[in-house]
Amino acid sequence: MKAKWIGLIAVAAIAVVIIASKARVGQETPTAAVPPRVLLVADLSEADEEGDACAEIIQAVRAVRKRGVSVQEFNPDSKSPLIARYRVLTIPTVLILDEKGEVVSRYEGEDRQTLTALHSSLEQLK
């Protein structure tokens with residue numbers, strides 16, 4: 001008789017756990033889990049400096065935002081977990097991410113080759 005009660009309690013506990021986990025999954029909003037498509041980490045105060053490569057990068061990323069692409073910008077001293085997650089060590093850094101938040105392209109620094117490649121990748125984003 002005692003074993004029967006233990007079995008019944010175990011089945012009830014498992015049922016509660018399953019129902020609770022399904023309820024949490026149903027409450028998630030799909031947009032909350034969607035990462036930005038472009039992540040920019042740069043000294044954003046340089047955005048308006050004439051002839052500055054960092055300013056050119058910032059402006060190019062902001063132009064993509066105007067086309068409807070999801071963009072997040074951070075200063076290097078930001079405490080955002082995204083900076084740590086993507087191991088941003090060089091400023092400026094631009095990351096192009098897929099729907100799962102995985103890095104598709106990574107651009108670090110301000111040299112002309114990086115700028116050319118970045119512009120090409122940004123033009124292809126929709």
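The values are calculated or read from the model by the stated rules, or taken from the named source; none is laboratory data. The structure presented is a predicted model; accordingly, all values stated were derived computationally and were not measured. Cβ coordinates were reconstructed from backbone atoms using ideal geometry, including for glycine residues, and neighbour counts include every protein chain displayed.
Structure summary
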read-out: Within the stretch 83-94, considering residues that are at pLDDT 95 or above and not hydroxyl-bearing (Ser, Thr, Tyr), the one nearest to residue 70 (Cα to Cα); value: 94
read-out: Residue in the stretch 102-112 that is at pLDDT below 90 and loosely packed, with under 14 Cβ neighbours inside 10 Å present; value: no
read-out: Total residues in the stretch 42-86, condition within 16 Å of residue 120 (Cα to Cα), free of Cβ contacts under 8 Å to residues at least 40 places away in the same chain and charged (D, E, K, R); value: 2
read-out: Test: residue 98 is at pLDDT below 95, under 21 Å from residue 117 (Cα atoms) and exposed (fewer than 15 other Cβ atoms within 10 Å of the Cβ); value: yes
